[in-house]
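Heads up, the thing below is written out as structure tokens.
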Amino acid sequence: MKLRTRVLLGFTMIFVVVIAAGVFTVNAQRNQLYDQIDDRLLSTPLPPEIRARPLGTPRADGAAPADGAPSRAAPQAVDDGSISDLYVAVLAPDDSVRPVIEGQLLVDRPDIESLVDERPTSETTFTTDGADGSSTFRVLFLPGTEASLDAVVAVPVDDVEDTIRQLTYTFVGVAGLILLALIVIASWLNRFGLRPISAMTDVAEAISAGERDRRADVKQNDATEASRLGHAFNVMLDERDAGEERLRQFVSNASHELRTPLTSIRGYLDLYAAGGFRQPGELDDAVRRLQVEAERMNLLVDDLLVLAKFDEEQPLDISTVRVDEMVRDVAALALAGHPDRHIDVDAAEEISVDADRLRLHQVLVALVDNAIRHTPDDTAIRVAAAITTDGVELSVTDAGPGLTADEAAAVFDRFSRGDRSRARRTGGSGLGLSIAQAIVQAHGGEISVTATPGDGATFTIALPAEPRR
């Protein structure tokens with residue numbers, strides 16, 4: 001069952017419950033008011049002479065009065081001086097109706113002709129119209145005895161009927177307002193909730209059918225849940241497409257990086273098979289070049305395996321690390337390989353942090369090596385460590401040519417190189433900074449770059465006091 005159908009069914013059930021509650025309330029109020037009137041009729045005091053039967057008068061069922069039965073006086077004249085709405089009458093043996101009491105407030109009298117043809121055998125209350133049709137009466141029938149005549153006691157119930165009618169009208173009005181409110185709410189839910197969800201469902205089905213460029217139609221500055229869901233849905237699709245594009249680019253770059261050394265190795269082998277490298281020393285030189293290409297390929301594979309491990313969130317070997325000593329060790333290692341470079345160290349105080357020693361050392365080596373490779377030989381490099389309120393901050397700063405905004409945005413992408421021609425003048429696989437970012441994020445930290453073209457670059461590592469375990 002569709003969500004829209006379930007919502008409409010729920011609203012219909014609510015309205016049915018409201019109608020049922022209203023009908024129950026009206027009937028309960030009617031019964032209560034009529035019970036009060038019946039109690040009034042039953043408790044109405046009637047003088048003995050009202051129900052007296054003249055001596056020798058047969059009963060309504062034709063039976064003669066028992067011998068020795070006491071004689072009662074005949075009904076008196078009609079009492080119309082009572083300021084009330086009470087009506088009392090007796091049913092004579094000749095089937096005539098003889099009023100005894102008619103209150104001054106009466107505007108009509110009950111139509112009780114039906115009692116003449118078929119009289120009940122016990123006390124009975126019922127409702128009947130007036131003789132003129134202008135009123136409605138509640139009637140109590142009192143069957144006669146050996147010494148009395150059948151009698152009726154009635155009062156008009158116009159006020160009760162008016163009250164019930166007014167209550168019914170009020171309920172109908174309230175039910176109409178509730179129905180209108182339900183219609184408005186249902187329309188609002190359909191417009192701002194169900195319809196956008198249905199549209200997103202159509203988009204999802206279209207995407208699954210191959211229309212991968214379809215997106216949910218989301219209005220700007222719309223804070224409804226459906227709009228937020230649509231926005232998140234579009235962001236998810238965009239991130240999926242971007243991830244797939246990065247994966248395709250990664251596979252393409254990895255293939256390119258692997259193809260280059262493989263092509264060189266195959267070229268040398270084909271050349272040797274064709275009779276080359278027969279002169280003294282040529283074969284040794286070819287083997288040396290084959291080793292270089294094999295090392296490049298091995299380095300690339302190792303870097304890819306490192307990234308794969310961090311993608312799987314493998315645990316780190318956490319211990320307390322003196323980062324001030326590590327900074328000095330990394331600077332010394334870089335100077336040993338490049339004695340002509342100028343590298344400063346700014347880590348005067350003792351600084352410790354919980355981290356994976358080998359991986360953090362790998363990150364610092366990658367950043368310093370990146371600065372050495374991409375700056376002129378006379379460019380100064382500074383490696384610093386400091387304590388912050390949230391943990392420890394490490395930085396590598398150079399005064400080289402810097403990065404453009406586009407280069408800075410993609411500097412941590414896999415196989416990213418500053419030179420778009422992908423020339424290997426500076427060496428490396430293009431994965432060093434990607435690996436550095438993966439290691440820092442595995443520690444729960446962040447790595448960022450601040451660079452301006454012609455004004456150098458600063459890579460900053462922020463490590464928390466409590467790393468991920």
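Things to note:
- Out of 215, 240, one residue alone is outside any helix (DSSP H, G or I) and open to solvent by less than 100 Å² (accessible area, probe 1.4 Å). It is 215.
- Lone qualifier among 175, 206 - being over 30 Å from residue 83 (Cα atoms), in contact with a helix residue (DSSP H, G or I) (Cβ under 7 Å, 6 or more places away or on another chain) and open to solvent by less than 40 Å² (accessible area, probe 1.4 Å): 175
- Of the residues making up the stretch 87-138, those that are β-branched (Val, Ile, Thr) and touching a Pro at 6+ places or on another chain (Cβ under 9 Å) are 88, 90, 100, 107, 121, 124, 128, 136.
Quick grid of which residues meet (1) more than 60 Å from the chain's Cα centre (by Cα); (2) more than 18 Å from residue 88 (Cβ to Cβ); (3) without any contact (Cβ under 8 Å) to a residue 24 or more places away in the chain:
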{"residue": "115", "(1), (2), (3)": "yes, no, no"}
{"residue": "124", "(1), (2), (3)": "yes, no, yes"}
{"residue": "127", "(1), (2), (3)": "no, no, no"}
{"residue": "130", "(1), (2), (3)": "yes, no, no"}
{"residue": "137", "(1), (2), (3)": "no, no, no"}
{"residue": "141", "(1), (2), (3)": "yes, no, no"}
{"residue": "171", "(1), (2), (3)": "no, yes, no"}
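- Tallying residues that are open to solvent by 50 Å² or more (accessible area, probe 1.4 Å) and assigned to a helix (DSSP H, G or I) within the stretch 368-379 yields 2.
- Screening 193, 173 for residues that are assigned to a helix (DSSP H, G or I), modelled with pLDDT of 90 or more and closer than 23 Å to residue 8 by Cα leaves exactly one candidate, 173.
- In the stretch 281-339, the residues that are open to solvent by less than 60 Å² (accessible area, probe 1.4 Å), at pLDDT 85 or above and not in a helix (DSSP H, G or I): 318, 319, 321
- Inside the stretch 243-280, residues that are open to solvent by 80 Å² or more (accessible area, probe 1.4 Å), small (Gly, Ala, Ser) and either outside any helix (DSSP H, G or I) or at positive phi (or both) make up a count of 1.
- Looking only at the stretch 9-55, residues that are open to solvent by 90 Å² or more (accessible area, probe 1.4 Å) and either at pLDDT 90 or above or in a helix (DSSP H, G or I) (or both) come to 9 in all.
- A single entry from 63, 74 fulfils the requirement of being small (Gly, Ala, Ser), exposed (fewer than 12 other Cβ atoms within 10 Å of the Cβ) and at pLDDT below 80: 63.
- Residues of the stretch 139-170 that are part of a helix (DSSP H, G or I) and of a type outside the set (D, E, K, R): 160, 163, 164, 166, 167, 168, 169, 170.
- Residue that is in a helix (DSSP H, G or I) and β-branched (Val, Ile, Thr), where the choices are 353, 365: 365
- Residue ID - farthest from the chain's Cα centre (by Cα), chosen from residues in the stretch 103-113 that are open to solvent by 40 Å² or more (accessible area, probe 1.4 Å) and under 13 Å from residue 152 (Cα atoms): 113
- Of residues in the stretch 408-432 being open to solvent by 50 Å² or more (accessible area, probe 1.4 Å) and among the charged types (D, E, K, R), the one modelled with the lowest pLDDT: 422
- From 224, 168, residue being modelled with pLDDT of 85 or more, surrounded by 12 or more Cβ atoms within 10 Å (Cβ to Cβ) and closer than 30 Å to residue 12 by Cβ: 168
The values are calculated or read from the model by the stated rules, or taken from the named source; none is laboratory data. Owing to the predicted nature of the structure, the values given are computational and were not obtained by experimental measurement. Note: ideal-geometry Cβ built from the backbone for every residue, glycine included; neighbour counts use all protein chains shown. Just the protein is used for accessible areas: all its heavy atoms, side chains included, with ligands, DNA and RNA removed. Shrake-Rupley method; radii C 1.70, N 1.55, O 1.52, S 1.80 Å.
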